[in-house]
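Quick notes on the structure that follows.
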Amino acid sequence: MLKIMNKDLRVMLASKSQIALMLFIVPLFLLIVDANNMGWLYFLILIIVAYTLIITPFSFDVSNKTIGLINSFPISRKEIVISKYLSVFPYMFISVIYSGIYLWVINKSGILGVDYFNIAMIGRACLYMIFVSSLIFPANFKFDARLAQLVNVFFYSGGIVLTFNLAEANINSNLVFLGNLYSPLTLTVVVVIIYILSMILSIRIYENRDL
C-alpha cells in the first residue's frame, strides 16, 4: 500500500504543472474570495489543497496510463482500494502543513490577515474530505476514468461554491443552530460509517471490474 502512495506523490512532484497549481492555488483563492469569515476561508483552502492531492493521482493514472503499472504491483485489488482510502489522511495532513506555512508567510508579510491554524476548521475539513472521498471513490473505481473525472469535478466545484458562500456570509447563528441539531460526535460517527461502507463497496466494485 505504501508503494502506491509513494508512486502517487512522486508522480505529482515530477509534474511541473502540478507544482505550479499547488503554488498558485492558495493566493488565487485569497484574491477571489472576499471573506467576512476568515475561519471558513481557511477551511476552503484546506479542502481545495487536500482535494487536489487526493484526486490528482486518478487523473495521472489516465493521462500516464499507470493503471497497468499499479496492477502489476504484488498487491491485491483490495489493497489498492484500501490504500486510496487511507491516502485521504496523509494528504489531509500535508494540506494542513502546506496551507499553514503558506498562510503564515502571508500573515507575516502583512499582505492579509488570515487564519493559518484553526483546530475547529481542521476538524471540519477532515470530516468533509472523508465524506466527499466516500462519495467519489466508488465512482472512480466503477466508471471509466474520464467519466469518473466528471464526478470529481462536480464535487470539487460544488465544494468550492458551498464553502465560498460560507466564507462570504455571516453564518455564526446558523452554525450554532446546526450544532444544536448535530453534535460533533454524531457527525463523526455518521461520516466514519459512510466511509467504511464506501470502502467495502469500492472493494467489491474493483475486484469484479474488468481492466
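Just so you know, all these numbers are worked out from the coordinates, no wet-lab data involved. Being a predicted model, the structure only gives us computed values, none of them experimental. Here the Cβ is made from the backbone with ideal geometry for all residues, glycine too, and neighbour counts use every protein chain on show.
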Paramagnetic label zone (point 7 Å from Cα along Cα-to-C-beta, L112; backbone N under 13 Å) in the range 11-52: 24-46
Using a Förster distance of 41 angstrom, determine the FRET efficiency expected from the C-beta separation of A120 and I200, and round it to 0.05. 0.85
Pairs from K84/K142; K7/K108; K3/K142; K7/K78 whose Cα-Cα separation, in the structure shown, is over 25 Å: K7/K108
So S15 and L185, fully extended at 0.36 nm per residue minus their Cα-Cα distance, gain in nm 57.3 nm
Near the amide H of N36, under 5 Å away, which other amide H atoms are found, from residues 5 or more places off or on another chain, if H is placed in the peptide plane? E168, A169
Whole-Hz couplings from phi, Karplus 6.51/-1.76/1.60, listed for the range 143-158; x for Gly and Pro: 8, 3, 4, 5, 5, 4, 5, 5, 5, 4, 5, 4, 6, 4, 5, x
